[in-house]
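For reference, the structure is listed below as structure tokens.
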Amino acid sequence: TQLLEQSPQFLSIQEGENLTVYCNSSSVFSSLQWYRQEPGEGPVLLVTVVTGGEVKKLKRLTFQFGDARKDSSLHITAAQPGDTGLYLCAGTEGAQKLVFGQGTRLTINP
Amino acid sequence: KAGVTQTPRYLIKTRGQQVTLSCSPISGHRSVSWYQQTPGQGLQFLFEYFSETQRNKGNFPGRFSGRQFSNSRSEMNVSTLELGDSALYLCASSVAGTGYGNTIYFGEGSWLTVV
């Protein structure tokens with residue numbers, strides 16, 4: 001069974017600070033996705049990474065896929081209150097089902 | 001275009017009852033997948049349907065079942081409800097399925113409370 005572990009589970013920081021969220025597994029994934037979920041809504045896809053070592057940027061968010069395709073990180077620069085939410089990583093191996101991490105609940109305080 | 005629509009949004013059921021949740025995918029999407037989200041277990045895959053056929057199934061008891069119709073709309077059913085079935089049930093649709101890093105689009109979910 002493929003498992004994804006996210007850390008930290010909870011993170012509360014001040015506006016303007018930087019942060020990194022980690023997503024780790026002992027399994028290899030052919031692709032990994034990051035989602036953000038806000039209260040009362042379903043998760044929304046932020047990015048998909050498919051190549052080991054791949055780095056993608058989305059404004060102040062930087063996503064990295066590990067070289068061995070077993071881990072990923074999400075780095076947010078100069079966090080803003082609008083970044084508050086539940087961040088989920090999810091991986092898949094080929095045509096297999098999508099496996100989600102437990103999520104990181106991020107709170108950015110003004 | 002319209003997003004993924006789930007109904008009902010909120011419902012309360014009694015232990016032992018059964019419930020049916022509905023999901024209308026984005027037009028043109030043939031894959032519908034279902035997930036259960038709870039604070040303790042996080043987001044867990046229930047099953048995926050593609051063109052009316054179940055393509056993948058998660059590790060849930062047989063009380064959880066689903067189906068997909070020819071218009072790609074999907075329903076999931078939970079029979080003999082237990083307190084632990086209280087959760088947010090999310091449906092997602094995609095063109096080709098959940099594998100291979102395909103983009104999937106989630107609905108807002110159906111909040112089920114079992115009392």
inquiry  = Based on alpha-carbon centroids, what's the gap between the range B:24-85 and the range A:60-110 in Å, whole number please?
reply    = 24
ask   = Excluding same-chain residues fewer than 8 positions from A:Lys70, which lysines have a Cα within less than 18 Å of its Cα?
value = A:Lys56, A:Lys97
request  = Normalising by the residue count of chain A, find the relative contact order in percent from Cα pairs under 8 Å and 6+ residues apart.
outcome  = 37
query = Which of the aspartates and glutamates could a cross-linker bridge to B:Lys13, judged by Cα under 20 Å and excluding same-chain residues fewer than eight apart?
reply = B:Glu75, B:Glu82, B:Asp85, B:Glu108
inquiry  = Stokes-Einstein diffusion coefficient for chain A at 4 °C in a medium of 1.567 mPa s, Rh from the Kirkwood formula over Cα pairs: what value in µm²/s?
reply    = 93
message = Over chain B, what is the relative contact order in percent, taking alpha-carbon pairs closer than 8 angstrom and at least six residues apart?
response = 36
key: Shielding by other protein chains, B:84-96, mean Cβ within 10 Å   = 1
request  = Evaluate Rg over Rh across chain B, taking Cα atoms for both radii and Kirkwood's formula for Rh.
outcome  = 0.95
inquiry  = From the convex hull of the Cα coordinates of the protein assembly as shown, what is the mean projected area in square nanometres?
reply    = 12.1
11 Å beta-carbon shell around B:Lys13, net charge (K/R +1, D/E -1) = -1
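Throughout, read-outs are computed from the coordinates displayed, never taken from laboratory work. Since we're looking at a predicted model, the values are computed, not measured. As a convention, Cβ positions derive from the backbone with ideal geometry for all residues, glycine included, and neighbour counts pool all protein chains shown.
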